[in-house]
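Heads up: the structure comes next, in structure tokens.
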Amino acid sequence: MFNFSELKKRRRQLMAAIDKDVVIILISAPESLRNGDVHYPYRQDSDFYYLTAFPESNAVALLLPDSKDGKFILFSRPYDVIESIWNGQSIGQENAKKIYGADEAYAIDQLEARLPDFLTTKVRCYYLGSQNQVLIKRLNEVLGRASQLACQEGLVEITQAVHELRLRKSPYELDCLRKAARISAQAHIKAMQACRPGRYEYQIEAELLYEFYQNGSRAVAYPNIVASGSNACILHYTDNSALLKSGDLLLIDAGCEYQSYASDITRSFPVNGRFSPEQKIIYEIVLKAQQALIAAIKPGVLWDSLQARCVRIITEGLLDLGLLKGEPESLIENKSYKKFYMHGCSHWLGLDVHDVGCYKLNKKWRPLEANMVFTVEPGIYIAAQTEGVDEKWWNIGVRIEDDVCVMKDGCEVLSQDAPKKISDIESLMNSS
Ligand code: GLY
Ligand code: MN
Ligand code: MN
């Protein structure tokens, strides 16, 4: 269950950070239809969820910073017996107050009639969560009548204020992130144990999903990537349909959500349980980069220094193998490494897998602070037919990705339970 007093604190912090004559309007995520009357599982907008924990669609929340703690007004679906019979979970207005702590709660069909009561002539309104075109249209009509159109510039400020709060994780959030990472790490272990030539990628995906659900997760944080052989060199491969072949590597990038908090873990290992000499060499370069980045993380370290360090280790490794040729400085300068390593080494992690938060402040890369959570994910991908590359290196795709939290004097690796040393992977895969 969500942490009720923490929600109040988040709203209080946000309202303390903004002008008193501002009304924040939070808009729930729209539902998405799959076909006919079948819907995709609903996922609340992350900003809306962060500030309210309210799980229903068709809801609008107002945050009014006009009293000490601010006020939280919720418009949502009325309690509906029929809805409860068919779909369950009808919350209604009484529960909106009792369970979710709304100071006032109204049915969503009263939005047009009631909203003007909360808008005095001095008030400026800012939306947050703007995917729901139906609700935006309704709000714009009311605001238009009240001559208070939301202002884009202000919107950016409010969004940034919320995202700055989301960037520094509370102890409760860290517990959720830790749990998500632990469940996912366990799923990666199960995948390694279940992997063998002759099975299909989607069968290994089934092992991951089974572990997620068995351990209290109800959703994936992003579509699973279970990519063997040449598929490991396709960064966003999600087809997961190929037959696993002895001699190939399998790259799994999979993470579950726990209480809406994401994990994001990648492991790369041999389908037959033994790394070939070439696979081992590439793997060790990626692991060296990943371990060096993790060792460097602590408060004060600038965000872009991680990518710089990563690029240097990977470039030097590829240079030693003759896969890149030239001087390290110029290979880095002209980004030659991108032939084999074409993505960033990190992104924020939280309610969203690519979580919110600026990477720069005042146009300068920001320093890491305690309680920021992010991924560390170097990789090397050598697709078949890569120009100038001997065939023995083809179809080796390796990424190693962990989730870390910056601590006072270093970092905690939230996903450390998933093995990544070659000897640990091989012994896990070869013990019955
Ligand atoms: N799984 C998405 C990513 O690694 O960024
Ligand atoms: Mn990632
Ligand atoms: Mn990932």
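Each value in this text was obtained by applying a stated rule to the coordinates, not by laboratory testing. In this text the structure is predicted, and so the values were computed from the model without any measurement. Every residue, glycine as well, gets a Cβ built from its backbone with ideal geometry; the counts of neighbours run over all protein chains shown.
With respect to the chain, whose longest principal axis is taken over its alpha-carbon atoms, helix 171-194 is tilted by about 40°. Across the chain, Cα pairs under 8 Å and at least six residues apart give a relative contact order of 14 percent. Anisotropy class assigned to the chain is prolate, per the alpha carbon gyration tensor with a/c at or over the 1.5 cut-off and a/b larger than b/c. Could you tell me how far the Cα centroid of the range 377-432 sits from the Cα centroid of the range 285-340, in Å? Their Cα centres are 15 Å away from one another.
Taking square-rooted eigenvalues a ≥ b ≥ c of the alpha carbon gyration tensor, is the range 334-432 rounded, prolate or oblate, where a/c under 1.5 means rounded and, failing that, a/b exceeding b/c means prolate? The partial results should precede the final answer.
Working: a/c = 2.91, a/b = 1.29, b/c = 2.25.
Here the range 334-432 falls in the oblate category.
Once you list every other residue whose beta carbon is under 14 Å from the beta carbon of residue 136, what net charge do they have if Lys and Arg are +1 and Asp and Glu are -1? The answer is -1.
Kindly flag which residue pairs out of 335/364; 280/392; 98/137; 325/420; 169/298; 179/360 have an alpha-carbon separation exceeding 18 Å in this structure. Provide the component values of the computation, followed by the final result.
On the way: 335/364 21 Å; 280/392 12 Å; 98/137 29 Å; 325/420 29 Å; 169/298 15 Å; 179/360 29 Å.
Flagged as over cut-off: 335/364; 98/137; 325/420; 179/360.
Build a GNM of the chain with springs between Cα atoms under 10 Å: which of 307, 291, 89 gets the top mean-square fluctuation? Taking springs between Cα atoms under 10 Å, the residue moving most is 89.
Among the GluC sites (Glu not before Pro) found in the range 334-391, those both in a DSSP coil and sparsely packed, with 16 or fewer other Cβ atoms within 10 Å of their Cβ, are 369, 387. To the nearest 10 degrees, how steeply does helix 133-145 sit against the main Cα axis of the chain, on a 0 to 90 scale? Relative to the chain, helix 133-145 is tipped by roughly 40 degrees. Arranged from fewest to most other beta-carbon atoms within 10 Å of their beta carbon, 142, 23 become 142, 23. The angle separating the long axis of helix 4-17 from the principal Cα axis of greatest extent in the chain is about 80 degrees.
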